[in-house]
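The values are calculated or read from the model by the stated rules, or taken from the named source; none is laboratory data. Nothing here was measured: the structure is a model prediction, and the numbers come from that model. When we count neighbours, we look across all protein chains shown, and the Cβ atoms used for this are built from the backbone with ideal geometry, even at glycine. Accessible surface areas use protein heavy atoms only, side chains included; no ligands, DNA or RNA. Shrake-Rupley method; radii C 1.70, N 1.55, O 1.52, S 1.80 Å.
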Amino acid sequence: MSQMPTDSAEHEKREPVCVSSGNYLWPDPPSEDKYSACVHCGMCLEACPTYDELGQEHQSPRGRVYLIKAVAEGKMDVNEAFADPIFTCLDCRACETACPSGVQVGTLIEEARGQVRQAMSLTGWKKAVNDLFLKKVFPYPARLHTLGSLFAFYQKSGLQKLVRKTGLLHLLPSYLRDMEAVMPSVAKPIMKTHPRIIPAEGPVRKRVAFFTGCVMDAIFGEVNEATIRVLTKNGYEVVIPEDQRCCGALHVHAGEREEGKKLARRNIDAFLAFDIDRIVVNAAGCGCALKEYPELLHHDERYREKAETFAGKVEDVAKFLYDNGYRKPRAKLNVSVTYHDACHLAHGQGIRLEPRQILKNIPGVTMVEFPDADRCCGSAGIYNLTHPEMAGRILDKKMENVPREVELISMGNPGCMLQVAIGIQKHGRNQKAVHTIQLLDWAYQEEQRQTAKEG
């Protein structure tokens, strides 16, 4: 089983600190230049899903920034009154899109969560679950793949049918039952099925490294397979670094910043060891986290510049194809589609046009407008597990806007795919959540079938 290396002595040194409330020395605190940029204009209020649901100032972006500033100035302690609004935030970044002052609310929230976890450590079963998944499972691909294999056995052995028939699932909380019901058929991870270097079809246009992701590779292997097929078909040689790890987004979102930094350093070393043009990602949350490594490691003298180099190469697969060229498929799919903007793609990376244009360029695809397409679906990493009631309310509002006449809801993030699939089932829709790159892959495959018939 692969293990993460112990960080060097330089990594163990305490990072620069800042005096906060109660003379507590916070490593990696929210910086004044970020929270002081907020002028409390209120433009963010309508964009915030939690403020929309709760109508409370402290559950709004500007309210949270105010609390972060109060802690930094020693006017407030890090306590439950601070922790609750900080962790109730979806970190969807919709407020950043709405903000005229460019306040980096997402970064402030993540840094504040780090403060909370330093001052208020988890205890009991919450700590056990947190440590199990964030420290013992997600950092290790082999363990994640084992977990995926166990779920595949559960699905294919008949055990799933038995468990559902006996009603044992009713022992689980409703949100876990919902998730079990829509879990896709688990395929083998590409880390186990593909060589480390996959040649391009025809002349090589560029050499790209592929970030496989943790959930994407363990649960949505078919999306990774589709991504590799599309890249190689369009002349891109694909490198799959063996030493890559989880991007660390879930850790940073949970306030486990030091764990996130360890993963960031590991990924930087793994990918920069190769001579590559780009690092291609098909998961919005991962892509956003990878691009923000320079922010996460800005105190790290050894990795600061390497993080900048690494982040400069990261590109979402839809934007990469749109910007660098791909062959438009010739076969028709004859399907109606609407597009959901994953928060960390639209708000976090500013990518909106490119996925839509790829879909429009597939013959036979009828695009239907999705009102408030960039409104959060409630997935938000593991938010639907930590805050299931709020996530459910947000999902219900999302589903109200899904056009009923479409067959497919396309998106670019695995968490969104699971959450929207839950919404489809909950609301009795005859629709399917798919990844944008899958539609392009299906069109290429249909083209191959037609060519084979004609031959």
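Annotations for the structure displayed:
- Summary value for the chain: 14 percent relative contact order, contacts being C-alpha pairs under 8 angstrom separated by 6+ residues.
- Candidate lysines for bridging to K126, where Cα separation is under 16 Å - those fewer than 8 sequence places away on the same chain excluded: K135, K136
- Residue-averaged 222 nm ellipticity for the chain, from DSSP H runs of 4+ at -39500 (n - 2.57), nearest 500: -14000 deg cm²/dmol
- Pairwise FRET efficiency - R207 versus V39, Cβ, R0 = 60 Å, nearest 0.05: 0.85
- A Förster radius of 25 Å combined with the Cβ-Cβ distance from R327 to D243 puts the calculated FRET efficiency at roughly 0.20.
- Ligands, DNA and RNA are left out, and with a 1.4 angstrom probe the accessible area of the chain is 44 Å² per residue.
- A protection proxy built from the mean count of other Cβ atoms within 10 Å ranks the segments 320-326, 291-297, 178-184, 74-80, most packed first, as 291-297, 320-326, 178-184, 74-80.
- For the chain, the Cβ-based charge dipole about the Cα centre amounts to some 1520 debye (Lys, Arg positive; Asp, Glu negative; other atoms uncharged).
- Surface listing: R304, R93 arranged by accessible area from highest to lowest gives R304, R93, probe 1.4 Å.
- Cα→Cβ-extended label distance, 7 Å offset, between E405 and D84, nm: 4.5
- Across the stretch 52-58, rounded Karplus estimates of 3J(HN,Hα) from the backbone phi angles (6.51 cos²θ - 1.76 cosθ + 1.60, θ = phi - 60°) give 4, 7, 9, x, 10, 4, 6 Hz, Gly and Pro being marked x.
- Magnitude of the charge dipole, the stretch 188-236, Cβ model with Lys/Arg +1 and Asp/Glu -1, debye to 20: 220
- The distance separating the Cα centre of the stretch 380-455 from that of the stretch 245-269 comes to 27 Å.
- The distance from the alpha carbon centre of the stretch 73-112 to that of the stretch 304-334 is 30 Å, rounded to a whole number.
- For the stretch 32-119, a crude dipole built from +1 on the beta carbon of Lys and Arg and -1 on the beta carbon of Asp and Glu, taken about the Cα centre, is about 140 debye to the nearest 20.
- Accessible-area rank, largest first, for K156, K360, K313: K156, K360, K313, with all protein chains present and a 1.4 angstrom probe.
- Accessible area in the full protein assembly, largest first, 1.4 Å probe, for W125, W442: W125, W442
- Amide proton proximity set for V314, modelled H, under 5 Å, gap of 5+: I279
- Fully extended contour minus Cα-Cα distance, from E369 to Y175, at 0.36 nm per residue: 67.0 nm
- Rounded tilt (10° steps) of 105-119 against the dominant C-alpha axis of the chain: 60
- The chain - percent of accessible surface contributed by carbon and sulfur, probe 1.4 Å: 52
- For S149 and Q450, the difference between the fully extended length at 0.36 nm per residue and the C-alpha to C-alpha distance is 104.9 nm.
- HN-Hα J in Hz across the stretch 314-326 - Karplus 6.51, -1.76, 1.60, θ = phi - 60°, x for Gly and Pro: 6, 8, 5, 4, 5, 5, 4, 5, 4, 7, 9, x, 8
- Within the assembled protein chains, the solvent-accessible surface assigned to R207 is about 60 Å², based on a 1.4 Å probe.
- Rounded to the nearest whole Hz, the Karplus-based 3J(HN,Hα) values (6.51 cos²θ - 1.76 cosθ + 1.60, θ = phi - 60°) of the stretch 158-165 follow the sequence x, 5, 4, 4, 5, 4, 5, 5, with x at glycine and proline.
- Among N234, L176, A331 - extreme Cα towards positive end, dipole of the chain, charges at beta-carbon: A331
- For the peptides 132-143, 401-412, residues were scored by their other Cβ atoms within 10 Å and the scores averaged per peptide; the highest-first order is 401-412, 132-143.
- Set of lysines with alpha-carbon distance to K156 below 16 Å, sequence-local pairs under 8 removed: K165, K188
- Taking the longest Cα principal axis of the chain as reference, the axis of helix 221-233 is set at about 60 degrees.
- Rolling a 1.4 Å probe over the protein heavy atoms leaves K397 with an accessible area of roughly 90 Å².
- Set of lysines near K328 by C-alpha distance (under 25 Å), chain-local residues within fewer than 8 positions excluded: K206, K233, K313, K319, K360, K432, K453
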